[in-house]
Each structure stands twice: as structure tokens, then as C-alpha cells.
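Shown next, in C-alpha cells, is the structure this report addresses.
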């Protein structure tokens, strides 16, 4: 594992950082980039959770709601708790349907591996190279966590952090 001030983190390094990977997964779970997955059409009559779905029906999967299901995530699914990914093996490859930030099945996001790497490696390098502080005496409880929804989700107010360089290079 790299020390603060080391040069950089690689993809191989990230594989050995289970808590960091859990943190990234928890972020994707609690704040999915796209709240509703791409609509699908049923090709045959089917039954899901006791509901009859006729062939030709357009089905929308609410990834935001799935990621907040108390049956899967426990009594406080809105609580940010990365440890839940250390307690049980859940991955975003589309086979664990309680966690589908990249969709699932044959039509899941083809950029899933690249997307995950583009989150993990750069963020790990930022954390390795900088200490971050909130500006002007702001406290964590002062952060506005309101979300604006649409095709993609984003915070209603940008988070501003003050970086302090740790890396000497």
C-alpha cells in the first residue's frame, strides 16, 4: 500500500485497497449517476414479484429505489456506510441485482470496467496526493446534500474543497 506523498496509485494498487473500493461502491449505490436505467421492452408475457407483465410492455428499472431497498441494505439504506460492502460480497458486474449502477444483463453499460477504473484510480491518486478541507470553517453538517434529478443526478450545490498538496512530486 502506498504512503501519503508517494508518487501515484495504479489499478493494481487499487485492487489491494478494500475499504477504498467499498467507499466507491457505496458512493455509486447511494448516489447513482442515472436514477432510471434505460427502458426495456418485455419480449414475452412474464411474472415479476407477483405482477403480470404482458409482452410488449415497456419496463423501467428504478436503480435509485433498488439501491435503497431495506430488504437488501438493512434498516438505514440512506445512511452512507461503506462497510456494508466489506460485510457482504456485492459487485457491480450486473449479477447482484441489489446493486446495479451500470445496469445488468446483456444490455448493461459496455463501459462498466472503464467507468469503474475512471472513478477508482483518479480518486485514489487525489487522496494520495492531497489532504482536503472544507473552506472558511465550514463543517460537514453544513454540506447541502440535496439532489437535482433528471436524466442524470447531481447535487443542487457544488461541493467546494480546499486541497493541500502532500505529494512532493
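A few points about this structure:
- Taking each residue of segment 1-29 that is on the phi < 0 side of the Ramachandran plot and assigned to a loop (DSSP other than H, G, I, E, B) and looking for partners that are loosely packed, with under 12 Cβ neighbours inside 10 Å and modelled with pLDDT of 95 or more with beta-carbon atoms closer than 8 Å, six or more apart or interchain, yields nothing.
- Test: residue 16 is under 30 Å from residue 166 (Cα atoms) and either surrounded by 10 or more Cβ atoms within 10 Å (Cβ to Cβ) or more than 22 Å from the chain's Cα centre (by Cα) (or both): yes
- Qualifying residue in segment 106-113 (condition: crowded, with 16+ Cβ neighbours inside 10 Å and in contact with a helix residue (DSSP H, G or I) (Cβ under 9 Å, 6 or more places away or on another chain)): yes
- Within segment 83-95, none of the residues are touching a strand residue (DSSP E or B) at 6+ places or on another chain (Cβ under 8 Å), under 23 Å from residue 21 (Cβ atoms), assigned to a helix (DSSP H, G or I) and touching a residue at least 60 places away in the same chain (Cβ under 8 Å).
- Matching residues in segment 133-161 - criterion: being in a loop (DSSP other than H, G, I, E, B), touching a strand residue (DSSP E or B) at 6+ places or on another chain (Cβ under 8 Å) and more than 15 Å from residue 31 (Cβ to Cβ): 134, 135, 161
- Filter pass, residue 135 being under 30 Å from residue 37 (Cα atoms), modelled with pLDDT of 90 or more and out of contact with any helix residue (DSSP H, G or I) (no Cβ under 8 Å at 6 or more places or on another chain): no
- Reported count of residues in segment 50-68, each being in a loop (DSSP other than H, G, I, E, B) and surrounded by 12 or more Cβ atoms within 10 Å (Cβ to Cβ), is 4.
The values are calculated or read from the model by the stated rules, or taken from the named source; none is laboratory data. The structure displayed is predicted, hence computed values, not measured ones. A quick note on method: Cβ atoms are made from the backbone with ideal geometry, for glycine too, and the neighbour counts reach across all protein chains shown.
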